[in-house]
Amino acid sequence: MEQIALVNLIRNNAPHLLIPEKRNKANSSLPMLTQLFSNNDYPFKNGQQLHTKGSIVWTDYAIYFWQLTLYLLKTHSNISFVDLLKTCFSNDSYQPDWQAIAPLIATNGTQSPIVETDELDRWYDEISLTHLSPHSYHQLYQWFGIDLKEIGYQAFDYFMIHRDGSNAWQKAIQHYLRNINNLPNKTASAIFDDYLKALLTKH
């Protein structure tokens, strides 16, 4: 129940952090009674596709370190980067300490709405002239959530001046990262170079 409450908390405040991932357990099947009496929202199903036959399948959620860290830093500007790492993540493996993180999300979360794919596609259509691929745009949403809409508008403004889509997005994202006051500049540069820069090339 605690895990369900945590997922619901994140879904209500920062749904972009929940990255759905398909899971399966091979050589298994749900008992007949479970199939008959479980609700439609019961997460476990018997696999129906060729590669999942004879398996139990379900959708799990992954939450990635840097996306979570950026969200916490942006919504809690009074906490330093070093203190956030010490408080919210284990020192050796940087595994999240959800008992420390959940209250932060609950008290200062952004109350972000869930952005459905159709809505995200509409946002993309507004800035598609910048030549960023739709796939990259969707991946950037997983980093920035609803803030991506404003980042896209800024990228569009840069593009209208220089007509270089990749450079426009680079400037817009770097501007966004610089405005997270408790994110060290060196760390912001490393995040961009190691993770975000690759999303700005055409796919």
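Data table
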{"read-out": "Unit charges at the beta carbon, dipole of segment 68-203: most positive-side option, I173, S189, L85", "value": "S189"}
{"read-out": "Mean Cβ count within 10 Å, highest first, over the residues of peptides 130-136, 168-174", "value": "168-174, 130-136"}
{"read-out": "Point-charge dipole on Cβ atoms (K/R +1, D/E -1) for segment 112-168, about Cα centre, debye to 20", "value": "200"}
{"read-out": "Accessible area expressed per residue, segment 140-184, with surrounding protein chains retained (probe 1.4 Å, Å²)", "value": "48"}
{"read-out": "Net dipole in debye of segment 67-203 [+1 Lys, Arg Cβ; -1 Asp, Glu Cβ; about Cα centre; nearest 20]", "value": "420"}
{"read-out": "Segment 65-142: projected area of the alpha-carbon convex hull, averaged over directions, in nm²", "value": "6.5"}
{"read-out": "Per-selection Rg to Rh, segment 71-194 - Cα, Kirkwood hydrodynamic radius", "value": "1.01"}
{"read-out": "Centre separation in Å (Cα based) which lies between segment 107-136 and segment 145-179", "value": "13"}
{"read-out": "Total formal charge among the other residues, if their Cβ is under 13 angstrom from that of A100, Lys/Arg +1 and Asp/Glu -1", "value": "-1"}
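The values are calculated or read from the model by the stated rules, or taken from the named source; none is laboratory data. Only a predicted model underlies this, so the values are computations on that prediction, with no experimental measurement involved. Note that we place each Cβ from the backbone using ideal geometry, even for glycine, and neighbour counts take in every protein chain shown. Side chains are part of the model used for accessible areas, which takes the heavy atoms of the whole protein and leaves out ligands, DNA and RNA. Shrake-Rupley method; radii C 1.70, N 1.55, O 1.52, S 1.80 Å.
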